[in-house]
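Right, one structure below, let's go through it.
A short reminder: the numbers here are calculations on the coordinates, not readings from a lab. The structure presented is a predicted model; accordingly, all values stated were derived computationally and were not measured. Every residue, glycine among them, receives a Cβ derived from its backbone with ideal geometry; neighbour counts consider all protein chains shown.
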Amino acid sequence: MSLPEGTVEKTVTSADHVHTAATVRRRQRTFVPPSELHPHRPTTADTTLLDQLFYATVDECTDPDCRPLLLDRVAVDAGATRKLVEWACHIASEMYCELPAELVDEDKAATTVFHPSPFFCRLAAQYQNPGPTFTTLFATYDTAQRRQVADNAVALVDGFQVWWTDFLFQ
Ligand SMILES: [Zn+2]
């Protein structure tokens with residue numbers, strides 16, 4: 001199911017507020033939100049929800065329930081989580097030409113300020129390999145693991161918005 005062009009943007013409420021492109025606090029650089037990655041590729045993912053999670057991260061929302069609730073909602077949807085990871089890996093691979101060891105190697109990644117979960121590193125390692133391996137690996141992840149990789153995906157792009165390529169090398 002693809003969204004028709006001009007679809008009115010839905011807002012996903014968490015506590016009593018929303019995070020959208022219109023309200024987000026700007027950082028030094030901006031990347032396309034998840035909804036704008038391959039917009040014409042069919043997806044069942046709630047891309048408005050993904051965008052809100054991203055913008056809540058960029059905004060450093062201080063509501064203690066906000067990001068956790070959004071992450072919970074993303075994590076229960078395997079397709080949504082996958083789109084988020086692919087979005088982050090796509091941006092990272094465009095920036096570095098190929099994904100650096102600091103993303104795909106669990107030990108090296110652990111030394112960065114980003115220090116993603118091993119589950120994210122394993123997906124990133126497979127992202128560059130065409131074929132079914134990414135799909136096979138992703139299918140083994142449960143909701144808690146998807147929640148971690150979703151959290152990592154938005155944190156990665158948020159870090160890029162502040163630190164650019166230095167994010168993984170400081
Ligand atoms: Zn919030």
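Among rounded, prolate and oblate, which fits the stretch 90-149 when a ≥ b ≥ c are the square roots of the eigenvalues of its C-alpha gyration tensor, a/c under 1.5 means rounded, and a/b larger than b/c means prolate? Cα axes put the stretch 90-149 in the oblate bin. The slack between ASP142 and VAL32, meaning 0.36 nm per residue of separation minus the straight C-alpha distance, is 36.9 nm. In the chain, the DSSP-assigned H stretches of four residues or longer account for a calculated mean residue ellipticity at 222 nm of -15500 deg cm²/dmol, using -39500 (n - 2.57) per stretch and the full residue count as denominator.
Could you calculate the contour length gain from TRP164 to THR111, that is, 0.36 nm times the residue separation minus the distance between their Cα atoms, to one decimal place in nm? Stretched fully, the TRP164-THR111 segment lengthens by 17.3 nm.
Each of the peptides 94-102, 119-127 was scored by the mean count of other Cβ atoms within 10 Å over its residues; in descending order, highest first, they stand as 119-127, 94-102. At q = 0.18 Å⁻¹ the log10 of I(q)/I(0) for the stretch 34-168 amounts to -1.00, computed by Debye summation with a single uniform scatterer per C-alpha, solvent ignored. What would the Debye equation give as log₁₀ I(q)/I(0) for the stretch 26-97 at q = 0.13, 0.18 Å⁻¹, counting only Cα atoms as equal point scatterers? Log10 of I(q)/I(0), two decimals: -0.38, -0.73. Our coupling estimate for the stretch 90-102, obtained by passing each phi through the Karplus curve with A = 6.51, B = -1.76, C = 1.60 and θ = phi - 60°, is 4, 5, 5, 6, 5, 6, 9, 6, 9, 5, x, 4, 5 Hz, Gly and Pro reported as x. Packing around the peptides 24-30, 107-113, 87-93, taken as the average count of other Cβ atoms within 10 Å per residue, puts them in this order, highest first: 87-93, 107-113, 24-30. Pairs of Cα atoms nearer than 8 Å and 6+ residues apart set the relative contact order; for the stretch 34-168 it is 28 percent. With a 10 Å cut-off between alpha carbons and a GNM built on the chain, which of VAL58, VAL85, VAL32 moves the most? Top of the fluctuation ranking is VAL32.
If the chain linking THR23 and TYR96 were pulled fully straight, counting 0.36 nm for each residue of separation and taking away their Cα-Cα distance, it would gain 23.4 nm.
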